[in-house]
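Participant: Next up is a structure, given as structure tokens.
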Amino acid sequence: MGMRSNYVNNMIRERCEELQLSDEQLREIMKRLLDNIERGLARDTHAASIVKCFVTYVQDLPNGTERGKFMALDLGGTNFRVLLIELGENMHFDMKSKIFAIPQHIMVGPGKQLFDHIADCLGAFMKEHHIEHECLPLGFTFSFPCVQKGLTKGLLVRWTKGFDCEGVIGQDVVELLEQAISHRNEVTIDVTAILNDTTGTLMSCAWKKHDCRIGLIVGTGSNACYVEKVENAQLFDGDRSKPYVLINTEWGAFGDDGALDFVRTEFDRDIDNNSINPGKQLHEKMISGMYMGELVRLVLVKMTNDKLLFNGQGSDLLFKRGNFFTKYVSEIESDKKGTYASCRQVLEELGLGHATDQDCANVRYVCQVVSTRAAHLASAAVATLINKIQEESVTVGIDGSVYRYHPHFHNLMMDKIATLVTPGLKFDIMLSEDGSGRGAALVAAVAARGHAKTA
Ligand code: BGC
């Protein structure tokens, strides 16, 4: 497995076996996911399908001629951001942005409060940049599952990733945003598109790489969108004379009907039971950054209680939920072979200064097993799409904190996708810079290029 270290305790290895997915298991997962995707796309099975495959109304990829000044809002990752983007001649691109915090009480408070907060931040940003009197087109990157009824209309289906604001499910979030902005009566904007972060990622990557067909996020949450033939998107009621439409798979929900139970472990069940959305987003909970650190912590706690780690002596910090941050996984795995500087620092922070070198090796092993499983699950899902698209060569645009900061995620994915794709199909994975900013502007721009509002 390439992750062998002489130090890693055999008992620990054994306990971690169920967290390692064989290629055979991954291929079974691919089969099930493909079936889910096909059912999401088809008229008769869509309603009952777990993986929804929402149509996006984005049908054109950027061609480099997009120009103009745009605003964008990015809600749904680690940060909320307001952006001002200029697309100029010769692919010149300029962007100013500001991060605003979304306090916890707003993440789970009334929806009105959330949209008022967003409108406040937007107003403050526009004043700061002296554009409060301009009415700019705005792309709203809203990274939650939405049924789109047009390019500027999206009804929220469910909250994910720690958000749970009352009164928004079933509502058009563009309308909620517009109401909050007009209520504030300080700035005016023209929402020209609502998009998912995966769509922004795909568009942003396609701007440079013309064979980009997949946009992937492995960050706080996990999801992908891809370019599908209009003839396969049975529910698409937009322009059916164009050949393609982007599909937001919402594969984070894969497994919510039990399809992944054959590989889920007691740790996955624990994560789910203690989440704010039990039974939901089960695939996402095995992959994304919101849960990865906690998964590692649960494994470490179990092994400590079984006296396989830290001489059986844990710490209050280790035993407390949410205390093992996902960034720790990246840090610990960044240590050079045989050295444990970051690992020790993390363990100190957790009150585990008494860890031995052997403990450090074991802790790192657990991190590797959990992050590798996430990378392999993401790879299986990407390979499913590549095999479905069946083009000779496909670039996958990817973004998200886990992919960006984990030292081996990219290589793990390259290797595993290569194993799982249909022989002969070429692929590449590329960090897609700023899907939520540039991508949102490109969706707004491409929309302006065609017919304006589709709603
Ligand atoms: C959401 C998706 C989003 C993904 C990545 C998931 O929880 O449902 O819409 O694309 O997170 O941000």
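Participant: Answer yes or no: is there a residue in the stretch 284-293 that is of a type in the set (D, E, K, R) and within 16 Å of the ligand (Cβ to nearest atom).
Facilitator: Going residue by residue through the stretch 284-293, those that are of a type in the set (D, E, K, R) are 284-285.
From the residues that got through so far, the ones that are within 16 Å of the ligand (Cβ to nearest atom) too are 284-285.
Within the stretch 284-293, one or more residues are of a type in the set (D, E, K, R) and within 16 Å of the ligand (Cβ to nearest atom).
Participant: List the number of the failed condition for D116; all other conditions in (1) within 16 Å of the ligand (Cβ to nearest atom); (2) modelled with pLDDT of 95 or more hold.
Facilitator: (1)
Participant: Let me ask you something else. Looking only at helices (runs of 4 or more DSSP H) that lie completely in the stretch 262-353, which have at least 2 residues being in contact (Cβ under 8 Å) with a residue 40 or more places away in the chain?
Facilitator: Where helices (runs of 4 or more DSSP H) fall fully within the stretch 262-353 and carry at least 2 residues being in contact (Cβ under 8 Å) with a residue 40 or more places away in the chain, they are 282-287, 289-305, 326-334.
Participant: Still on this structure, I have one more. Given the options K426, K388, name the one that is of a type in the set (K, R) and either touching a residue at least 40 places away in the same chain (Cβ under 8 Å) or buried (at least 24 other Cβ atoms within 10 Å of the Cβ) (or both). First the steps, then the outcome.
Facilitator: On the way: K426 fails: either touching a residue at least 40 places away in the same chain (Cβ under 8 Å) or buried (at least 24 other Cβ atoms within 10 Å of the Cβ) (or both).
K388 is the lone residue from the list that is of a type in the set (K, R) and either touching a residue at least 40 places away in the same chain (Cβ under 8 Å) or buried (at least 24 other Cβ atoms within 10 Å of the Cβ) (or both).
Participant: Here is a follow-up. Does the stretch 381-415 hold any residues that are part of a helix (DSSP H, G or I) and over 21 Å from L34 (Cα atoms), and which are they? First the steps, then the outcome.
Facilitator: If we filter the stretch 381-415 for residues that are part of a helix (DSSP H, G or I), which is where we start, we get 381-389, 401-405, 409-415.
Listed by number, the residues that qualify are S401, V402, Y403, R404, Y405, F409, H410, N411, L412.
Participant: Continuing with the same structure: Please find, among D190, D197, the residue that is of a type in the set (D, E) and within 16 Å of the ligand (Cβ to nearest atom).
Facilitator: Within the list D190, D197, the selection yields D197.
Participant: Return the pairs, sorted by first residue and then second, in which the second residue is in a helix (DSSP H, G or I), the first residue lies in the stretch 124-136 and is under 17 Å from A180 (Cα atoms), the beta carbons are less than 6 Å apart, and the residues are 6+ apart or on different chains.
Facilitator: Pairs found: E132/M126.
Participant: Quick test of your reading of the structure: K149 fulfils all but one of (1) basic (K, R); (2) closer than 21 Å to L202 by Cβ; (3) surrounded by fewer than 22 Cβ atoms within 10 Å (Cβ to Cβ); (4) within 16 Å of the ligand (Cβ to nearest atom). Name the failing condition by number.
Facilitator: Exception for K149: condition (4).
Participant: Considering only the stretch 416-437, state which residues are of a type in the set (K, R) and either part of a loop (DSSP other than H, G, I, E, B) or touching a Cys at 6+ places or on another chain (Cβ under 6 Å) (or both).
Facilitator: Those that are of a type in the set (K, R) and either part of a loop (DSSP other than H, G, I, E, B) or touching a Cys at 6+ places or on another chain (Cβ under 6 Å) (or both): none in the stretch 416-437.
Participant: When only residues in the stretch 313-353 that are β-branched (V, I, T) and within 28 Å of the chain's Cα centre (by Cα) count, which is nearest to F409 (Cα to Cα)?
Facilitator: V329
Participant: May I pose another question? Of everything in the stretch 148-166, what is among the hydroxyl-bearing types (S, T, Y) and either in contact with a Ser or Thr (Cβ under 6 Å, 6 or more places away or on another chain) or closer than 14 Å to N223 by Cβ (or both)? Give them in sequence order.
Facilitator: Result: T160, single match.
Participant: Report yes if some residue within the stretch 91-101 is at positive phi and loosely packed, with under 15 Cβ neighbours inside 10 Å; otherwise report no. If you could, list the steps in order and put the result at the bottom.
Facilitator: Initially, the stretch 91-101 is screened for residues at positive phi, giving 91.
This time we only want the ones that are loosely packed, with under 15 Cβ neighbours inside 10 Å, so: 91.
Scanning the stretch 91-101 turns up at least one residue that is at positive phi and loosely packed, with under 15 Cβ neighbours inside 10 Å.
Participant: Can you tell me which residue within the stretch 62-74, out of those that are surrounded by 19 or more Cβ atoms within 10 Å (Cβ to Cβ) and part of a loop (DSSP other than H, G, I, E, B), is farthest from the ligand (Cβ to nearest atom)?
Facilitator: Checking each candidate, the answer is E66.
Participant: With the structure loaded, tell me whether G77 is within 21 Å of G252 (Cα to Cα), of a type in the set (G, A, S) and outside any loop (DSSP other than H, G, I, E, B) or whether it fails that test. Before the answer, list the steps.
Facilitator: Working: within 21 Å of G252 (Cα to Cα): yes; of a type in the set (G, A, S): yes; outside any loop (DSSP other than H, G, I, E, B): no.
Against the criterion (within 21 Å of G252 (Cα to Cα), of a type in the set (G, A, S) and outside any loop (DSSP other than H, G, I, E, B)), G77 does not qualify.
Participant: Restricting attention to the stretch 215-239, and to residues there that are among the polar types (S, T, N, Q) and assigned to a strand (DSSP E or B), which single residue is nearest to the ligand (Cβ to nearest atom)? Spell out the reasoning first.
Facilitator: Applying the first criterion (among the polar types (S, T, N, Q)) to the stretch 215-239 yields 220, 222-223, 232, 234.
Filter once more, keeping what is assigned to a strand (DSSP E or B): 222-223.
Values: S222: 6, N223: 3 Å.
Across the stretch 215-239, the extreme among qualifying residues is N223.
Participant: Looking at the stretch 194-228, which of its residues are polar (S, T, N, Q) and either at pLDDT below 95 or more than 11 Å from L61 (Cα to Cα) (or both)? Spell out how you get there, then give the answer.
Facilitator: Residues of the stretch 194-228 polar (S, T, N, Q): 196, 198-199, 201, 204, 220, 222-223.
The answer is N196, T198, T201, S204, T220, S222, N223.
Participant: For the stretch 240-261, enumerate the residues that are closer than 22 Å to L425 by Cα and either touching a residue at least 60 places away in the same chain (Cβ under 8 Å) or not in a loop (DSSP other than H, G, I, E, B) (or both).
Facilitator: In the first step, residues of the stretch 240-261 are kept if they are closer than 22 Å to L425 by Cα; the result is 243-247, 249.
Passing the criteria: Y244, V245, L246, I247, T249.
Participant: Inside the stretch 113-163, can you point out the residues that are among the charged types (D, E, K, R) and in contact with a strand residue (DSSP E or B) (Cβ under 9 Å, 6 or more places away or on another chain)?
Facilitator: Once the filter is applied, which keeps residues that are among the charged types (D, E, K, R) and in contact with a strand residue (DSSP E or B) (Cβ under 9 Å, 6 or more places away or on another chain), the stretch 113-163 yields D120, E128, E134, K149, K153.
The values are calculated or read from the model by the stated rules, or taken from the named source; none is laboratory data. These numbers were taken from a predicted model, which means no experiment stands behind them. Cβ: placed from backbone, ideal geometry, glycine included. Neighbour counts: every protein chain shown.
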